[in-house]
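Engineer: Okay, here's the structure, questions in a sec.
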Amino acid sequence: MSRVLVAMSGGVDSSVAAALLHAQGHDVVGVWMRLHDVADSYSEFKKSCCSLDAADDARRVAGQLGVPFYVLNLEREFEAGVLRPFLDGYLEGRTPSPCVDCNTYVKFGALMGRARRLYDCDEVATGHYARRADEPSGRARLLRARDDHKDQTYFLYGLRQDQLVHARFPLGELTKSEVRDTARSLGLATADKPESQEICFVPGGDYRDALRDRAGWQPTAGPVVDEDGRLVGEHHGSAGFTIGQRQGLGVALGAPRYVSRIDPLTNTITLARREDLETRTFALEGVSFIDDRPPADPGGSFRASVRIRHRGGLVPATVRPDAGPGPGPAGQRAALRGPGQPGRWIVATDEPVWAVAPGQAAVFYQDDLVLGGGRIARQSGPPAEESAARW
């Protein structure tokens, strides 16, 4: 049996993960991560994983299990790897995926490094609904959870082989109801605790508050234009909008309109009809593969099912490297850079997908196997300079 560090958030999922590993005879060490200043407050409805009450709940469960428990400060790593990219993303007109960054850079990055150095732990376990399968070669594969409704592999696509082989997901074969039943049968303090339903560093649930408080964002009025570039209204700060948004536009154009483009340089929001937000082709940047290489020969394409948002449907697609600035081998090599590099790939879906949002993750699957993924790149579109100039 191994010595395993369990990231205990104070919720029922990570509590049961720790309990299962402890029951299997592993040497379990519980750690609660202090990531930001929300840790100095209490969550009114106990739905935050990063507040003081969450730390208290994690400590109580560790005490029930009789395992050592520590609080580990990773604020600096979280600031650089999650919080700053989140704020910059919205300010630059993208829709960020902070949970992807948290898993890649904090839980299975910084925390995994501390697990080895500080606690002599071989592996890091979490309460994610996902599965790891080990191959005879010593490599590992990431698989979707048995409970498809709770599957969280969308947020784990950025893991590298050297991270995945040291990761454990004890809940991968369980449903949520089975996890609750297990917690109740063990009398765990978190058995009936509500699920976290908010971005951990945005306690009120409105990311605009984080932009104001943490990035000094001052909403500035700007033009709202239609798909033909005609001025149709006014907004109060482009960073306060996301692709596909319908509510809060303050514009009545007869048929429903949705945000189709955000231009932070000119502070312009473009609206379009729902069908105009459908596409079959989009680009990805920063693509990485869990196997450290694409499932095709260098320069070649592959077939996969693609998910462009958490809980979104899986859409069959062809994925190919983008030749970048020019055709030929040089462009293909640029698209095939390793994990963490700005390689670009093109996704061509078999059926239209809606509201493809720059900054969000697109994840590749083959049946239950997670191949990897990347971030949706900004789409080209009609310039907004003319409308902005009129404004």
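The values are calculated or read from the model by the stated rules, or taken from the named source; none is laboratory data. Keep in mind that this is a model prediction, so the values were computed, not measured. No Cβ is skipped: glycine too gets one built from the backbone with ideal geometry, and neighbour counts run over all protein chains shown. Just the protein is used for accessible areas: all its heavy atoms, side chains included, with ligands, DNA and RNA removed. Shrake-Rupley method; radii C 1.70, N 1.55, O 1.52, S 1.80 Å.
Engineer: Would you work out what percent of the accessible area of the chain, with all protein chains in place, is carbon or sulfur (probe 1.4 Å)? Mind dumping the intermediate values first?
Structural biologist: Numbers: 8390 of 17400 Å².
C and S fraction of accessible area: 48 percent.
Engineer: Here's something else I'd like to know. I need the P(r) histogram for region 164-229: all alpha carbon pairs, bin width 5 Å from 0 out to the longest distance, whole percents.
Structural biologist: Result returned by the calculation: 3, 11, 11, 11, 11, 13, 11, 8, 6, 9, 4, 1, 0.
Engineer: Let me ask another. (1) 9; (2) 17; (3) 13: which one is percent of Cα pairs over 41 Å apart as calculated from this entry?
Structural biologist: Matching entry in (1) 9; (2) 17; (3) 13: (2).
Engineer: Roughly what angle does helix 52-65 make with the longest principal axis of the chain, taking Cα atoms, 0 to 90 degrees, to the nearest 10?
Structural biologist: 30
Engineer: Here's another thing I want to ask about it. Enumerate the amide H contacts of Arg261 below 5 Å, restricted to partners 5 or more residues apart or on another chain; note that Pro and chain-start residues carry no placed amide H.
Structural biologist: Result for Arg261 returns Thr270.
Engineer: Right, something else. Could you give each residue of region 365-378 its phi-based ³J(HN,Hα) in whole Hz, using Karplus coefficients 6.51, -1.76, 1.60 with θ = phi - 60°, and x for Gly or Pro?
Structural biologist: Each residue of region 365-378 in turn: 10, 10, 6, 8, 7, 8, 8, x, x, x, 9, 5, 7, 4 Hz.
Engineer: If you don't mind, another one. Pairing rule first: another cysteine's C-beta must sit under 4.7 Å. Under that rule, which cysteines of the chain stay single?
Structural biologist: Unpaired cysteines in the chain: Cys49, Cys99, Cys102, Cys121.
Engineer: From the alpha carbon gyration tensor of region 98-234, can you work out the equivalent ellipsoid semi-axes (sqrt of 5 times each eigenvalue) and give them in Å, largest to smallest?
Structural biologist: Taking √(5λ) for each Cα gyration eigenvalue gives 37, 21, 18 Å.
Engineer: Here is a further query. Determine the distance separating the Cα centre of region 194-238 from the Cα centre of region 276-318; give it in Å without decimals.
Structural biologist: 28
Engineer: On average, how much accessible surface per residue is there in the chain, in Å², for a 1.4 Å probe, leaving out ligands, DNA and RNA? Write out the running numbers ahead of the final one.
Structural biologist: Details: 17400 Å² over 391 residues.
Dividing the accessible area of the chain by its residue count gives 44 Å².
Engineer: Residues with beta-carbon under 14 Å from that of Ala115, excluding Ala115: net charge, scoring Lys, Arg +1 and Asp, Glu -1?
Structural biologist: It works out to a net charge of 0.
Engineer: Another question, then. Which aspartates and glutamates does Lys193 reach when only Cα atoms under 16 Å apart count, and residues fewer than 8 places away in its own chain are ignored?
Structural biologist: Hits, sequence-local ones excluded: Asp13, Glu44, Asp53, Asp56, Asp57, Glu178, Asp181.
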